[in-house]
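The structure under discussion appears below in the form of structure tokens.
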Amino acid sequence: MVDIKVNLGDWELSNPIIPASGTFGYGKEFAELYDINILGSFSFKGTTKEERFGNPTPRIAECPMGMINSVGLQNPGIDKVISEELPQMKKIFHKPVIANISGFSIDEYVYCCEKIDKEKQVGIIEVNVSCPNVHNGGMAFGTDPVCAAQVTKAVKAVTKKPVYIKLSPNVTDIVSIAKACEAEGADGLSLINTMLGMRIDLKTKKPVIANKMGGFSGSTILPVALKMVYQVFEAVKIPIIGMGGVSSCEDVIEMMLAGASAVQIGAANLVNPYICKEIIEQLPAVCEKYNIKNLKEITGGAH
Amino acid sequence: MNKSVYIIKENVLIAKNTYKTILSGDTSSLTKPGQFINILLDGFYLRRPISVCDYDDSTITIIYKIVGKGTEKMSLLTPGDKLDILVGLGNGFSTEKSGNKPLLIGGGAGIPPMYNLAKKLLREEKEPIVILGFNTKDEIFYQEEFENLGVKVLVCTADGSVGVKGFVTDAIKQLSGYTYFYTCGPQPMLKAVYDTTKVSGEFSFEERMGCGFGACMGCSCKTKYKTKRICKDGPVLEKEEIIW
């Protein structure tokens, strides 16, 4: 019998598989297809203080074995997420969820985290620091160790829940940012968020995406994600949720060997809505194939 | 929605750059005309959303135009080939408000969903009138198939090579007494139909999609009442809710 249970701090997950924020909505569309309670957890749609429509369309472009999205954090706002979406999620998912929080100022992160802190359903707050800081010329919080540390410190001050900072790969040195977050008390890290990319339509000779560029994800980015998880694992002691291009059991194992304690599945959910179910079902057999008896023991095994 | 493997029974050129494919497999999740399917192709990351032209207990007919590398790849598939497809996506047209004499207005690649809709309206003993818009004569398809259903068909071509010279709106102007309308086609055509028609109706929209089943919010659009996902809450929107 292969044991596929993993831990994120004190929280024991039945398996390492967590659908990534923005690719799973609030779970409803997937709960119509399979019992989503088989998941380790799921990270719900990125939430901001106010309701957001997001960016103009087209918001999607295809890439070789990947895609670009520029949805732009469409969400109903923190109050509606708490009053409407969380009760809905409770009906279809009976385990703690991961609350993905975004903000355009430190005050906004604090506002949202303070509110979500009171929700029993939320196991972890995952803070997306890839948003532009409106008070700092629009530079993303997550591209600078000082800014990322400021967000971490401010959020930690208003919640007792574990705080995982979701790191952007669009940086020169992700390790310095990871260390800055850890130093300010981050309980864990999620990485990587989408890369930045664009496509140009040869017929119109203009960018495919209305917003010109967007977040590049899909199986093609796996090597970049593995490298960053590997590097960050060497530099920090806090747990890592690894993500970026994961779409098979083998990818999950590779991500854990690089240093992840749990793994998020993103773009692959959009292509195959059953991907998480299939991975969870096949994972014990694939572990057995590679002589893995206790999955949590392989975290960081490649070092 | 269901995800299954479908077998190609037929894949033939029916007009300039236009192919008809008949797929065999589970059709139980198709409930209304105007729904679509999302096809996974080898070598492509995202699926291709294609509207359903017609379906029965065991087959789905789609008609598509070659517009890029994905549809080009589809055109090369042969009988016996297997495809992984999500079926039964989107809200589809509803026939409750149609009245007795609904107008069905299709432009180019927007024509296919009108076929199953016409069949359903006929089953409900209504008298649909069909307007088919093309650019040129060599693009014309399914005129005969619609005529064989026993409905009145008006063909328009932008270059005047067949039927009414001009756009579908020129044909609409020749008609009176229609009770409702259904339309699908390029966005400028939809807007022109909106401005020309005096009655209520339903529009089927196109948008670049990520998933096709409501998860990614890639195809959101604003309506007068709320934000909708073209793939899940659409592709069909009612005239009264549309913001152009």
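The values are calculated or read from the model by the stated rules, or taken from the named source; none is laboratory data. Predicted, not measured: the structure shown is a model, and the values here were computed from it. With ideal geometry, Cβ positions are generated from the backbone for all residues, glycine too; neighbour counts draw on all protein chains shown. For accessibility, only protein heavy atoms count, side chains too; no ligands or nucleic acids. Shrake-Rupley method; radii C 1.70, N 1.55, O 1.52, S 1.80 Å.
With segment B:1-109 as the region, which strands (runs of 3 or more DSSP E) entirely inside it contain at least 3 residues that are more than 14 Å from chain A (Cβ to nearest Cβ) and over 19 Å from residue B:236 (Cα atoms)?
On the way: elements: B:2-15, B:18-24, B:36-40, B:48-55, B:59-65, B:82-89, B:102-107.
Here the list reads B:2-15, B:18-24, B:59-65.
Kindly check whether there is at least one residue in segment B:25-38 that is more than 18 Å from the chain's Cα centre (by Cα), among the hydrophobic types (A, V, I, L, M, F, W, C) and surrounded by 16 or more Cβ atoms within 10 Å (Cβ to Cβ). Show your work before the answer.
Of all residues in segment B:25-38, those more than 18 Å from the chain's Cα centre (by Cα) come to B:25-26, B:28.
Applying the additional criterion that residues be among the hydrophobic types (A, V, I, L, M, F, W, C) yields none.
No - not one qualifying residue is present in segment B:25-38.
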- Take the residues in segment A:35-54 that are in a loop (DSSP other than H, G, I, E, B) and surrounded by fewer than 20 Cβ atoms within 10 Å (Cβ to Cβ), then tell me which one is farthest from the other protein chains (Cβ to nearest Cβ). A:35
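I'm checking my understanding of the structure. Among residues of segment B:47-76 that are of a type in the set (A, V, I, L, M) and buried (at least 16 other Cβ atoms within 10 Å of the Cβ), which one is nearest to residue A:270 (Cα to Cα)? Working first, answer last.
The first filter runs over segment B:47-76 and keeps only residues of a type in the set (A, V, I, L, M), leaving B:50, B:52, B:60, B:62-63, B:66-67, B:74, B:76.
Narrowing further to those that are buried (at least 16 other Cβ atoms within 10 Å of the Cβ): B:50, B:52, B:60, B:62-63, B:66, B:74.
Working: B:50: 16, B:52: 21, B:60: 23, B:62: 22, B:63: 24, B:66: 24, B:74: 21 Å.
Ranking the qualifying residues of segment B:47-76, first place goes to B:50.
From the set of residues in segment A:55-73 that are of a type in the set (Gly, Ala, Ser) and crowded, with 21+ Cβ neighbours inside 10 Å, which is nearest to the other protein chains (Cβ to nearest Cβ)? Spell out how you get there, then give the answer.
Going through segment A:55-73, the residues of a type in the set (Gly, Ala, Ser) turn out to be A:61, A:66, A:70, A:72.
Applying the additional criterion that residues be crowded, with 21+ Cβ neighbours inside 10 Å yields A:61, A:66, A:70.
Working: A:61: 7, A:66: 6, A:70: 9 Å.
Filtering first and then ranking leaves A:66.
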- Note on the structure: Residue hits (segment B:208-230; part of a loop (DSSP other than H, G, I, E, B), touching a residue at least 12 places away in the same chain (Cβ under 8 Å) and more than 7 Å from chain A (Cβ to nearest Cβ)) are B:212, B:224, B:225, B:230
- Give, as residue ranges, the helices (runs of 4 or more DSSP H) completely inside segment A:167-268 that count at least 1 residues that are within 18 Å of the chain's Cα centre (by Cα) and hydroxyl-bearing (Ser, Thr, Tyr). A:222-235
- Somewhere in segment B:182-200, is a residue within 14 Å of another protein chain (Cβ to nearest Cβ), open to solvent by 30 Å² or more (accessible area, probe 1.4 Å), of a type in the set (A, V, I, L, M, F, W, C) and part of a loop (DSSP other than H, G, I, E, B)? no
- Considering residues of segment A:1-15 that are touching a Lys or Arg at 6+ places or on another chain (Cβ under 8 Å) and of a type outside the set (A, V, I, L, M) only, the residue farthest from residue A:250 (Cα to Cα): A:12
